[in-house]
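Here the structure comes first, spelled out in C-alpha cells, and everything after it is commentary.
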Amino acid sequence: MENSMKRLATLVRIHKLEIIAVTAVLVLAAFLRLYHLREFTIFLGDEGRDALVVKHMIVDHKFTLLGPTASVGGFYLGPSYYYFMIPFLYIFRLDPVGPAVMVALFGIATVALLYWAMRSWVGPNAALVSALLYASAPGVVSASRSSWNPNIMPFFSLLSTAALINALKTKKPIWYLISGIAFGIAIQSHYLGLIIGPILAVSTLLGEPMKRWFKTAVLEIMGFATGASLFIAFEIRHAFPNTRSIIEFVARGGGTTGPRSLNLFWLFFEMLRRTYEAVLAPFDLIVKLTLVVSLFTTIFSMYRLKTKSGKLAPSMLVVLVWLIVGVYGIGTYQGQLYPHYFGFLFPLPFVLIGITFRELFQLKKLRLLIVSLAIGLSAFNLTQQKVWGTGSNLIDQTANVSRRIGEVAEGKSFNFALLSTGNSDHAYRYYLEIMGQAPKGLEEEVTQQLIVICENPDAVCQPLGNPLWEIAGFGRAEIVSETKVDPGIRILKLIHHKDSEDLIGKPAPKGG
C-alpha cells in the first residue's frame, strides 16, 4: 500500500511538471506571436482586399461564397478564411490588427495541437521538444503574425493528419469526419492544400483493410463536403467554374505542373530542405544538419518498430505517407516556390525531430547532450526573431496616409490611384471606406479631382500621362498640390485640364 501511494505521488508530481512545462511553451508561443503585433503586422494590398470583403460582410451584410483569388491559375479559393475573420474584425471595431490576432491564435493552437498529437505518438518528453521548437521556429512565428489566408494552413494540415491517425487507431467515425473537415478548410487556405487529399487517401488505403475502404471514404468525403460547403455551394450554383479551372491548370502543365526533376532522390532532398529552410533559422548548416539527423533517425525508428511488431503503427504510417507524398507532391509544382507554399508541411519537420528525440533519448549516455541541443536550438531560435527589431507600422502608416488623403480632398468626392512597384490600393481604400471617404470608381463617375499616391520615395513619380487606368481614365490633368507623409509617401492632387472638363460627372470611357 505504501509503495502504491509513493508511485501515485510520483505520477502526480510528473503530471504537474508536465502541465507547467506545456503551459510555459504555450506562453512562449503566445508571447512570440502577440508581442508588438500591431507594429509588425503586414497590411498591404492583399490584406486590404480581404479586410474590405469582410467589412462589407459585417457592415453591409454582403456575404460571399468566394474567397481570395489564387496567385496563379485564374481561379478563386473558398471563403472560409473570410468567415474566420468576421468575429475578430468586428470585436476590434474594424481595426486590421484583429484578423492578425486571429492568425496568431491559430498559431498558438497549432503548438497545442502538435503537443497533443505527438504525446500519443512518441510520449510527453519528445512531444514537449517538438512543441517548444515549433513555438520558437522563426519561419513559423513570422507566418503567425499577419492576417493572410495561407497562414492558417499549418493548423488544418496537422489537424487533418492527426485526426486520421486517431481514426486508424480507434476506428471511430468522428475522427474520419474531422479529418475530412480540416482538409476541406485547408484547401481554401491555399491551393497547394490539395496535396493533403492524396496524403489522406494513401494513408487510408494502407492503414485500413479493404472491407472498410468504402465506409471510411464516405466519412472522409462527408467531412470534406462539410468543411468546403460554402465553396461547393458556389461551384454548384455556377456550374463549377473554379473546379474546371483547377483541373485545366493541372492538366495543361505548361511548365507549371509536373516533376521539377526526374532525379527523384535529388527532388526529395531538395524539397525537404526547402521545407526545413522555411521554418527553421536561416542558417544553411543548421537546416542541413537538422534535416539529415531527423530524417535518418526517423527512418531507423520506423524500421526498428516495424521489425518488432511486423507493421507500422498508424502514427508512423501516416507520418511516412505525409513525408513522401507531401514532399513529392510539392515537387510537382514547377513555378517559383515561396515559403508559404510549404504551409501544409510546416509541422512535419517538428514531427520528425520529435521522433528523433525519442530515439536518442533512450540512449542514457546521450540524454544530457540531446536535451542540451534541444534547449540550445530553441534559444538560438529566439535570437533570430524579427520582433526584437523595429516594426514597419504599416497599419498606422496606412491609416495616417488615408487621413491625409481626406484632408487633401477637402471633403469633396474624388477619384483615386496608387503608383507603386509592388502594391495595390486596397489597403488605402479600406481605411478611406471606414473613414467615410470612399473614393469614386472611374467606371462610376469621373469627379473634379484625382488623388494619386506615390508610394516609393526613391522612385520618380510621374502621374501625368501615366497609362494606369485609374489615371488615364481621369483624362488630361494637371497637378495642383503635393503633400509628403512619413516615410516619404507623396500625395498628389490633380484636377482636369480645360480640354477634358467635359468628362466630369460621367463614367470614364472604356479603355481610358
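Here are a few things to note about the model shown:
- Scanning region 164-195 for residues that are surrounded by fewer than 24 Cβ atoms within 10 Å (Cβ to Cβ), over 25 Å from GLY331 (Cα atoms) and in contact with a Phe, Trp or Tyr (Cβ under 6 Å, 6 or more places away or on another chain) turns up just one, ASN166.
- Test: residue in region 436-447 that is at pLDDT 90 or above, closer than 14 Å to ARG490 by Cβ and touching a Ser or Thr at 6+ places or on another chain (Cβ under 9 Å): no
- Out of ILE174, ILE185, ILE199, one residue alone is assigned by TED's automatic domain parsing to the domain that holds VAL25, closer than 30 Å to PRO87 by Cα and more than 17 Å from the chain's Cα centre (by Cα). It is ILE174.
- Residues being under 22 Å from ARG33 (Cβ atoms), not in a helix (DSSP H, G or I) and not aliphatic (A, V, I, L, M) - total across region 112-170: 5
- Here SER157 passes the criteria (1) more than 29 Å from GLY391 (Cα to Cα); (2) without any contact (Cβ under 8 Å) to a residue 60 or more places away in the chain; (3) crowded, with 24+ Cβ neighbours inside 10 Å; (4) not β-branched (Val, Ile, Thr) except the one numbered (2).
- Considering region 247-284, and only residues there that are at pLDDT below 70 and of a type in the set (A, V, I, L, M, F, W, C), the residue that is surrounded by the fewest Cβ atoms within 10 Å (Cβ to Cβ) turns out to be ALA251.
- In region 443-460, the residues that are among the hydrophobic types (A, V, I, L, M, F, W, C), over 34 Å from the mean Cα position of the chain (by Cα) and surrounded by 14 or more Cβ atoms within 10 Å (Cβ to Cβ): VAL446, LEU450
The values are calculated or read from the model by the stated rules, or taken from the named source; none is laboratory data. Worth saying up front: this structure is predicted, and the values here are computed from it rather than measured. A quick note on method: Cβ atoms are made from the backbone with ideal geometry, for glycine too, and the neighbour counts reach across all protein chains shown.
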